[in-house]
1. Among (1) touching a Phe, Trp or Tyr at 6+ places or on another chain (Cβ under 6 Å); (2) in a helix (DSSP H, G or I); (3) of a type outside the set (Phe, Trp, Tyr); (4) within 30 Å of Leu370 (Cβ to Cβ), there is one condition Ala335 misses while meeting the rest; what is its number?
2. Picking from Tyr176, Tyr155, which residue would you name as being surrounded by 15 or more Cβ atoms within 10 Å (Cβ to Cβ) and under 16 Å from Thr217 (Cα atoms)?
3. Can you find a residue that is part of a helix (DSSP H, G or I) and without any contact (Cβ under 8 Å) to a residue 60 or more places away in the chain anywhere in the stretch 168-176?
4. Filter the stretch 194-205 for residues that are in a helix (DSSP H, G or I) and farther than 14 Å from Leu244 by Cα and give the result.
5. Which residue, of Ile236, Ile208, is in the same structural domain as Ile122 (by TED's automatic domain parsing), at pLDDT 95 or above and surrounded by 21 or more Cβ atoms within 10 Å (Cβ to Cβ)?
6. From the list Pro231, Pro225, Pro284, exactly one residue is crowded, with 22+ Cβ neighbours inside 10 Å and either at pLDDT below 95 or not assigned by TED's automatic domain parsing to the domain that holds Phe365 (or both). Which is it?
7. I'm trying to understand the selection: among the residues of the stretch 239-253, which are buried (at least 24 other Cβ atoms within 10 Å of the Cβ), in contact (Cβ under 8 Å) with a residue 40 or more places away in the chain and either of a type outside the set (Ser, Thr, Tyr) or outside the structural domain of Ala324 (by TED's automatic domain parsing) (or both)?
8. Name, by its number, the condition in (1) surrounded by fewer than 22 Cβ atoms within 10 Å (Cβ to Cβ); (2) touching a Lys or Arg at 6+ places or on another chain (Cβ under 7 Å); (3) part of a helix (DSSP H, G or I) that does not hold for Met149.
Amino acid sequence: MSPLTAKEIVDLNKEYTFYSWSNQSQVNPIPMVKAEGVYFWDADGKRYLDFASQLVNTNVGHQHPKVVKAIQDQAAQLTFASPGMATEPRGLLGKKLAEITPGDLKKTFFTLGGAEANENAIKIARFYTGRHKILARYRSYHGATYGAMALTGDYRRLPVEPAIPGVVHFLDPYCYRCPFGWDNADTCCRQCIRHVEEVIEHEGPDQIAAIFLEGVTGTNGLIIPPDDYWPRMREICDKYGILLVSDEVMSGWGRTGEWFAVNHWNVVPDIITTAKGITSGYVPLGAVIVREKIAKFFDDKVLFAGLTYNGHALACAAALATIAAYAEEDIFANAKRVGKFLGERLEVLKAKHPSVGDVRYIGLFSGLELVKNRQTKEPMDLTLLKNFLISNGVYVFNFKNVLFVVPPLVIAEEQLDEGLDLIDDGLAELMDKQVS
């Protein structure tokens, strides 16, 4: 059988499959056929620098040989076992997660992705506390299934409402666009934190099971909280007996330079939900990891949660190999080192281009917020810039007016320069001209 042409691949995909978050007649997918390291190729042989890590998940890079071999070896021995079985990769992965997560986080419920992880974290929090309300932020994304979408605060929640009951949203520590009117993160009085406690008091502390927070807000604009934000959230949750859940789906697995983003602030959440970088996307896998006190609660109580692919053997084998690669190849150290270089270059772009209102970065988790006017902060449409970059072989994604720079954690400085130089050119040629 001869390989399909680029057009045939695209036509088949558009005719017979749905694309998420898209008007189906307007999608224009790249016919991706192979990948290696920080690059991938389309069916016409064009090479792209993957500045998005696909969907911020191919942290170890594409086609890492150790992870590929682990999947092959596991497939040759055992591809699937019922979730009621015990398997070697499942047990070893559970133990490894207990070792690398902060504090006394101990036991894991496996899922197939981040949305399922958050769905089951909601259940666990409600079972454990006997309370039903859940708090989450407006500028957040926790997944597209009904419970996870209820947690999600952004505009994508609205078309699918009514979602599950009991979810209450609160405002974010978005220092660049402070909803409380402060323009200096270092001197403000942290109304973003006081506001949370006021919402708790109005909603009834004895009715709130958990607060869900992304370690660092990802899709909704890469919002890095002030250094006292996470510790204060821990204090507030302890005060009212509320569980603190860190959604580390996107911000975990070295993306910020640490195993999990909360590690930057020395906070131990009660539950971590995660996915993406746990296998670098090679095989679907998510996880809900809970503290020992929560695990013990279910020793003599039924955990009413079940998934056909809980603890899938291939996924667990892929995760073990991915975690081994992170440690053995010191990939997080590279994320920190190259991330520092990235931050310096982003600051230069901000100083050079009036269209760049703000840059935010932690490890290799970064974004540029583009505006038409730095005083009014009116958002700028990024369509022209995004198309320019992709046409020139730099694959990126954006959320509204924020352009993400989130390459695989194995990227070298010279490869980073390759993409940043094109962003520099695009800003000068297309974006700066729109500034008033």
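The values are calculated or read from the model by the stated rules, or taken from the named source; none is laboratory data. This one's a predicted model, so the numbers in the text were calculated from it and none came from an experiment. Please note: Cβ atoms are built from the backbone with ideal geometry, for glycine as well, and neighbour counts cover all protein chains shown.
1. Tallying (1) touching a Phe, Trp or Tyr at 6+ places or on another chain (Cβ under 6 Å); (2) in a helix (DSSP H, G or I); (3) of a type outside the set (Phe, Trp, Tyr); (4) within 30 Å of Leu370 (Cβ to Cβ), Ala335 fails exactly one: (1).
2. Values: Tyr155 fails: surrounded by 15 or more Cβ atoms within 10 Å (Cβ to Cβ).
Tyr176 is the lone residue from the list that is surrounded by 15 or more Cβ atoms within 10 Å (Cβ to Cβ) and under 16 Å from Thr217 (Cα atoms).
3. In the first step, residues of the stretch 168-176 are kept if they are part of a helix (DSSP H, G or I); the result is 175-176.
From what's left, without any contact (Cβ under 8 Å) to a residue 60 or more places away in the chain: 175.
Checked against the condition, which is being part of a helix (DSSP H, G or I) and without any contact (Cβ under 8 Å) to a residue 60 or more places away in the chain, the stretch 168-176 yields at least one hit.
4. Our first condition is that a residue be in a helix (DSSP H, G or I); within the stretch 194-205, this holds for 194-203, 205.
Answer for the stretch 194-205, where residues must be in a helix (DSSP H, G or I) and farther than 14 Å from Leu244 by Cα: Arg194, His195, Glu198, Val199, Glu201, His202, Glu203.
5. When all the criteria are applied, what remains is Ile208.
6. Pro225
7. Those that are buried (at least 24 other Cβ atoms within 10 Å of the Cβ), in contact (Cβ under 8 Å) with a residue 40 or more places away in the chain and either of a type outside the set (Ser, Thr, Tyr) or outside the structural domain of Ala324 (by TED's automatic domain parsing) (or both): Ile242, Leu243, Val245, Asp247, Val249, Met250, Trp253.
8. Answer for Met149: the failing condition is (1).
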